[in-house]
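The values are calculated or read from the model by the stated rules, or taken from the named source; none is laboratory data. On a predicted model such as this, the values are computed, not experimentally measured, just so you know. For neighbour counting, all protein chains shown are included, and Cβ atoms are generated from backbone atoms with ideal geometry for every residue, glycine included.
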Amino acid sequence: MAPRLEDALECPEENLLLDFMAGALSGPAADRLHTHLDRCAPCQRLVGELARAESLEFSGRGEQGAPPLMPGARLDRYFILGQMGVGGMGTVYAAFDPALNRKVALKLLHPASSPGDSPEARHRWLLAEAQALARLSHPHVVTVYEARVFGEQLFLVLELAEGGTLEMWLRARRRSWREILTVFLSAGEGLSAAHAAGLVHRDFKPTNVLVRRDGRVQVTDFGLARQAEGPCAGDCGPPAPRVSPQRGACAGTPAYMAPEQREAGPVDARADQYSFCVALYEALHGQRPPEAKRGERPLLPRNRRVPGHLRRALLRGLSPAADQRFASMRELLTALTREPLAAWRVPLLSTAALGLLVVGGLLGGAWEEPSPCRGGARRWEGVWDVERQRAMREALGVGGSSGSIAWEALQGALDGYARAWEAQYTEACEATRVHGEQSEALLDARMRCLERRARDFQSLAELIARKGTRPDAAVEAAWRLPTLESCAAPHAQAALQGLPAEGPARERAESISRRLSEVRALKAMGQHVLAMEQAKRALEELEGLDHAPTRAEVFLEMGQLHMRLGQAGQAEQTLLEAAWTAEAARYDRLVAEARIDLMFVYGDMLLRPALGAAFAREAQAAVARLGGDTELEAAFERRLGGILMEQDQCAEALPHIERARVLTEKVSPPGSPPRLGMVLALGRGYQCRGELDAARTLFQQATQLRERLLGPANPLVVQLMLFEGRVALEQRDLSGALLLFQRATNLLGQESEPNLEMRGVAHGMQASVLRELGRLEEARDHAQKALTFYERQGNTHPTRAAVSWLLLGEVEAKLGRVPLGLTLLERALRAAEPHDALLAANTRLALARWLFRSGQDLPRARRLALEAHRVYGSHPSTPPADLQEAAQLLGELGLAQAKL
């Protein structure tokens, strides 16, 4: 008789593993083997070796027994780099996407992952996972890019999270309970986001959590996710597709399952909560918790390494009855982060009684030595608590429900920021007060830096609660909070300068600092006009204050606001003042920020890339002095890439942009403004290099991601549409370009604080397409609207108006108003000549063409055409058609002059 599976579980035979891999093992036997594999690293390695040893050929057909793909193989457009892991449902590979020049993860569905299912049913299951993940744009959930079919092989294209699983992270070395809790809290945020989208993971365990090399934690493998079947439990949102990957089975991993899930009963978000608590208990204690029966309270042994408040939270989360657990993951996460002061019990007991309790062990793990570094949590009282969150929900129009995805994203972002702040506060304090490895001066610098970050958070939270806004704008503002990286030990002393000595000067500097926190909050919310009003008040407060660091901070904020308002001249002057003042004060981080911003002002706004390149050298030196500030290094690389693109050095630009993307991903979550900004930069790089299909695909995917997360009216969505429209215009997809520009114009018209320059660009691009389509009257109307917006903006990008004058001049001439057209073209040439050689050449050619057609001043027409031809010939990005048109016009002008 064949040996029972139970007898083989110490380490199963290879034949049993082969049956499991082939899908021939099912039911309880498969579940028990799956449980063994979850905890047995040697068997996991053996499964990998057996998979690699199989010699069947991959055909692109979803046939049973398909072997792993080897490095160098190609699946659709993707090149396989190597196998990352094998699960019960699919195999995951690292791959390279040449179209978008990035690494991705491919998850291939096993052909036999659902015995008896048709290819159509397996396809529906894969799409269900894709749709589940697509609704979860969250920093702690792996991002899905798309679902694809190659032949009959179904696969997902996912964000590549390089690193290992949470199980591997736990096994790598002994971890403190604080380290473990921090990682699990991040994973819990991912689960909470899933619940807000109406999804229950149903298979949460350490092997389904990734810990990336950059430290970010992400929940993955949503193949079993489905709509909540029971009470909503407070975290639920819109429904998910009902797709079951395993018919007649209770999907999941039994060792981590909630009792109701194991019994195939109704499952809601509280089942994930149970699985989460099993995994956290196991990580803290080295073994899984003893299971309690229905109606009983779990009996968890005490562990002096684990604080009492964690034990109490786990006790509740592991309740056999779902209604006895926390109402939501959010409540569980809050309980896990609330460290009791414990000292409140002491006055109630006599010294003798307390001694007896301690000696007798009755306090167990609930009592800990008082720590001198527990004050971090108190900073958030009245700043980020239940009352503040209720006020924000009401101001944002989401009432008392946490069902809004935007609200969940906002709450998660602010919760995460507050927890990261507390963790850094504790680490900074303990480095000096407990471990004695950090000086008092560095501790003071770090605490002042953290206090400023907390004040920025407070100003933003108060602004949202007081005035409200669109929920998507609030989420963006939360993402724009200054990173905490600059307050870490290596950077803190460069991040802030000291305040004046005690007295009136110090009070005034602190008052200005508080006002600048309000400025940053308004700026983050996109309320730039109001932010500038506050910045000017801060400037007035500077009068008579002799403190260079504060003065430099005020000028930096004003300069950045001028940039956002499109006021290039004012931005240049105030940022120069900020850089000079900061340099005199040896305020290195602010020097670097100001110079990086000046790179953008000169390279992009004033179109003086040579001067921008000069500031790049100075900015690079300032960033290098800071020694590893990831955020500023990313900003520098991105700005340098932009300057190189303005100089048509596209091949040289892309490596800088790619470096900026890698650095940005270390400090910014997916979907955040910095990440999307990198998509814009990368897309522009591809466009600059002539790779239009890749650029357009990139813009489309970024637009879809952003719309899913924050809605279509988001300003960055509009910006992405404009960039995609420009690419479509270059591809001669005129109808597609027109639709994109029209949609962008409509969305911009709905903004409460309109971006006049962007509205001008949208109308100007519409005018360009309409001219190409021969709809000249409409083109003229939109060109005039563009000019109106530029004039209202004042001091806008110097070439914007030149482009509109050029377009309007040609349209007027084509409509028969040649004298007016020539006047407008002359005006366009005067505006373009100092700033953009190629635009000036285009204008000269248009002017020469209409002078020739109207029979006016043929010698000047020839000189203009000759100069345009010369510029085209020396400019690498000149379209061949423009060079050919200039040569043809020169020939016609030569013949015309010869006849005179």
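Couple of notes before you dig in:
- Check on Ser511, buried (at least 16 other Cβ atoms within 10 Å of the Cβ) and at pLDDT 90 or above: no
- Just one residue in the set Gly809, Gly816 is within 20 Å of Ala767 (Cβ to Cβ), outside any helix (DSSP H, G or I) and modelled with pLDDT of 90 or more; that residue is Gly816.
- Out of Ala802, Ala831, Ala786, Ala813, sole residue that is outside the structural domain of Pro859 (by TED's automatic domain parsing) and over 23 Å from Asn755 (Cα atoms): Ala813
- Members of segment 545-566 found to be acidic (Asp, Glu) and at pLDDT 90 or above, listed by number: Glu553, Glu557
- Unmet criterion (only one of (1) closer than 22 Å to Leu484 by Cα; (2) under 25 Å from the mean Cα position of the chain (by Cα)) for Gly397: (1)
- No other residue among Arg696, Arg684, Arg675 is closer than 22 Å to Ala613 by Cβ and assigned to a helix (DSSP H, G or I) apart from Arg684.
- Verdict on Met758 being outside any loop (DSSP other than H, G, I, E, B), modelled with pLDDT of 85 or more and either more than 30 Å from the chain's Cα centre (by Cα) or surrounded by 17 or more Cβ atoms within 10 Å (Cβ to Cβ) (or both): no
- Residue list for segment 756-797, filter: closer than 25 Å to Leu815 by Cα and among the charged types (D, E, K, R): Arg771, Glu772, Arg775, Glu777, Glu778, Arg780, Asp781, Lys785, Glu791
- Residue satisfying all of: in segment 397-410; buried (at least 19 other Cβ atoms within 10 Å of the Cβ) and touching a Lys or Arg at 6+ places or on another chain (Cβ under 8 Å); modelled with the lowest pLDDT among these: Ser402
- Count of segment 497-550 residues which are out of contact with any Pro (no Cβ under 6 Å at 6 or more places or on another chain) and part of a helix (DSSP H, G or I): 36
- Across segment 823-844, not a single residue is classified as on the phi > 0 side of the Ramachandran plot and surrounded by fewer than 19 Cβ atoms within 10 Å (Cβ to Cβ).
- Odd one out for Glu296 among (1) within 30 Å of Glu179 (Cα to Cα); (2) modelled with pLDDT under 70; (3) surrounded by fewer than 17 Cβ atoms within 10 Å (Cβ to Cβ): (1)
- Any hit, segment 197-205, residues being crowded, with 24+ Cβ neighbours inside 10 Å, small (Gly, Ala, Ser), touching a residue at least 60 places away in the same chain (Cβ under 8 Å) and in a helix (DSSP H, G or I): no
- Qualifying positions in segment 868-893 - of a type outside the set (A, V, I, L, M, F, W, C) and either touching a Leu at 6+ places or on another chain (Cβ under 9 Å) or surrounded by 19 or more Cβ atoms within 10 Å (Cβ to Cβ) (or both): His869, Tyr872, Gly873, His875, Ser877, Thr878, Asp882, Glu885
- Subset of segment 788-806 that is among the small types (Gly, Ala, Ser) and in a helix (DSSP H, G or I) - its residue that is surrounded by the most Cβ atoms within 10 Å (Cβ to Cβ): Ser804
Yes/no matrix, rows are residues, columns are (1) among the basic types (Lys, Arg); (2) farther than 25 Å from His835 by Cα; (3) surrounded by fewer than 24 Cβ atoms within 10 Å (Cβ to Cβ):
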{"position": "Ala579", "(1), (2), (3)": "no, no, no"}
{"position": "Glu583", "(1), (2), (3)": "no, yes, yes"}
{"position": "Ala610", "(1), (2), (3)": "no, no, yes"}
{"position": "Thr630", "(1), (2), (3)": "no, yes, yes"}
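- Across segment 812-833, the number of residues qualifying as closer than 19 Å to Arg608 by Cα and among the basic types (Lys, Arg) comes to 1.
- Contact map, segment 763-787: residues that are crowded, with 24+ Cβ neighbours inside 10 Å paired with residues that are modelled with pLDDT of 90 or more and outside any helix (DSSP H, G or I), Cβ distance under 9 Å, separation 6+ or inter-chain. Pairs shown: Val769/Arg775; Ala779/Leu773.
- Residue list for segment 591-608, filter: more than 16 Å from Gln573 (Cβ to Cβ), crowded, with 24+ Cβ neighbours inside 10 Å and over 24 Å from the mean Cα position of the chain (by Cα): Val591, Gly603
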